[in-house]
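The structure appears below as C-alpha cells.
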Amino acid sequence: MRPSAALLFFPPLVLCLLAACSEAPPPAPPYPAISAGCAQWQDSASLAVADSIHLNVAAPRTLEDGGIELVLAYFLPANSRADLERTGFELTVPHGAAIASGRIGQVERLIPPVGKDGPIVLPGLPPRLLGEAYGADVIYRFPLRFAGPLPERFDLTPPAMTVGGVRYPMRTLTLRRFAQRGAFGLCS
C-alpha cells in the first residue's frame, strides 16, 4: 500500500477509536427494583439526568400516620438550566396507578459553600431550575411528605426534565416497608 493510500484510512480509524473510547456507560435501568421482593435496603439514591445534573434522594423517614418524608436535592452545575415537566410528585402502586400526592415542604436554594447568609428559601419548587452560580453547583433541596397509611410497596417516579431541548425521563424509585427495621425504605 502506498503511503498516500494509508493516510486515507488513518483518519477514519482514529475517529472510530476515539468514538469507542468516549462511549457513555449504559444508562441505569428505568425500573431498578430487580431483586426478588425488592429486598435490598438503600440508604439513598442518585438519579443522573444530563450535563452533570442529578437528583439525590435520601432514605425516607417513616411518619407516625404511616406515611413517609423524603428529602430530595437537585444538583445543577454552574451556568446550567433544567425545566421540570411538572412540580408535583406522586406515589404509585408498582407499575400502576397513583395512590398519594406529595406535599413539598420548604424549598431551599444553596450555593456551596453555604456562607453566613445560609440557604435562600423559595416560595415553592420552581418549574425551571437554574445553576446561576459561577464555579459551583447550585442545589435545590426540599422535604417531600406523603401522608399515610401507605401500602407495603410503592413507587416514586420524579418528573421528567428538559435540558437543552432534550427530554430526560427519570428512573423509578421503589420503596417498601422493611419489617426488621420497622420503617419504609428505598429498595432495589
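The values are calculated or read from the model by the stated rules, or taken from the named source; none is laboratory data. Values in this document were obtained by computation on a predicted structure and should not be read as measured data. As a convention, Cβ positions derive from the backbone with ideal geometry for all residues, glycine included, and neighbour counts pool all protein chains shown. Areas reflect the complete protein model, heavy atoms only, side chains present, ligands, DNA and RNA absent. Shrake-Rupley method; radii C 1.70, N 1.55, O 1.52, S 1.80 Å.
Things to note:
- The strands (runs of 3 or more DSSP E) found wholly in segment 148-188 include none carrying at least 3 residues that are surrounded by fewer than 17 Cβ atoms within 10 Å (Cβ to Cβ) and polar (S, T, N, Q).
- Filter result for the condition that a residue is of a type in the set (Asp, Glu), open to solvent by 30 Å² or more (accessible area, probe 1.4 Å), at pLDDT below 95 and in contact with a strand residue (DSSP E or B) (Cβ under 7 Å, 6 or more places away or on another chain), over Asp137, Asp117: Asp137
- Any hit, segment 96-106, residues being under 26 Å from Leu173 (Cα atoms), open to solvent by less than 80 Å² (accessible area, probe 1.4 Å) and not small (Gly, Ala, Ser): yes
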